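The values are calculated or read from the model by the stated rules, or taken from the named source; none is laboratory data. This one's a predicted model, so the numbers in the text were calculated from it and none came from an experiment. Here Cβ is always computed from backbone atoms with ideal geometry, including for glycine, and neighbour counts include all displayed protein chains.
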Amino acid sequence: MTKKIYWRDFSAALIVLAIGIAFLFWARTYPPKAAEVPVLIAWMTIVLASLDAIAQTETGLGTTIRRFVAAQKIIEWKAEGDEEAPTSRIVSAIFWILAYLGGVWVIGFLPMTLFYIFLYMKLHGHKSILASGVTAAGTTIGLWLTFEIMFNYSLYRGLLFGGN
C-alpha cells in the first residue's frame, strides 16, 4: 500500500527547509557572538520545516504531527471550505520569507522587522495604517529593548549600516 504525500505542501516545506539550512550555513560565517541568534533562528526553521514536511505524509508519524499542530481549516492559506491552498498563496508566503531575509541582509534586523511587519499587516492582512504602524513599531521596540538593552546583544545591522 502506497502512503500518500501532499506533494505541493510537502514541496513548500522542503523549500523552507532548504532556506533554513542555507541560512544556518550563512549565519555560521558571523563571529560567534553575532551568530548566536541567527543560528538559533535557522535551527528553529529547520525543525519546524521538517515537522511540516513529515506532516504532509500519510504515515503514522505524519498523521500524529498533523493532529497536534495543524488547524482544521487554515484560514490564512485557504478560503473556508477549500481543501488546498492555491499555488499563488504558497508562492506569496515563500516570497515574504525571502524578502524578509534579503532585507535583513541589506538593511539590518530591526529596520527590516519594522518594515516587514508593517507591510505584511497592511498588504496581506488588510489592516489599517495605524494598526500596522503601532504593531510594527511595538514589536520592533520590544525586540530592541530585549536584545540591545537587556541582553546587550548587538543585532545585525545590515550591509548598508555596517554589517559584515
Kindly indicate which of ALA42, ALA49 is under 14 Å from LEU98 (Cα atoms) and part of a helix (DSSP H, G or I). ALA42
Residue list for the stretch 24-39, restricted to those being out of contact with any Pro (no Cβ under 7 Å at 6 or more places or on another chain) and either of a type in the set (Val, Ile, Thr) or part of a helix (DSSP H, G or I) (or both): LEU24, PHE25, TRP26, THR29, PRO32, LYS33, ALA34, ALA35, GLU36, VAL37, PRO38, VAL39
Quick check on the stretch 1-47: of everything there that is within 19 Å of GLY62 (Cα to Cα) and aromatic (Phe, Trp, Tyr), which residue is nearest to the chain's Cα centre (by Cα)? PHE10
The stretch 82-109, residues that are assigned to a helix (DSSP H, G or I) and either over 15 Å from the mean Cα position of the chain (by Cα) or of a type in the set (Phe, Trp, Tyr) (or both): THR87, SER88, PHE95, TRP96, TYR100, TRP105, VAL106, ILE107, PHE109
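Each row is one residue, and each column tells you yes or no for (1) within 16 Å of LEU17 (Cα to Cα); (2) of a type in the set (Phe, Trp, Tyr); (3) modelled with pLDDT of 65 or more.
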site: ALA55; (1), (2), (3): yes, no, yes
site: LEU61; (1), (2), (3): no, no, yes
site: ILE65; (1), (2), (3): no, no, yes
site: VAL69; (1), (2), (3): no, no, yes
site: GLN72; (1), (2), (3): no, no, no
site: ILE75; (1), (2), (3): no, no, no
site: GLU83; (1), (2), (3): no, no, no
site: THR87; (1), (2), (3): no, no, yes
site: TRP96; (1), (2), (3): yes, yes, yes
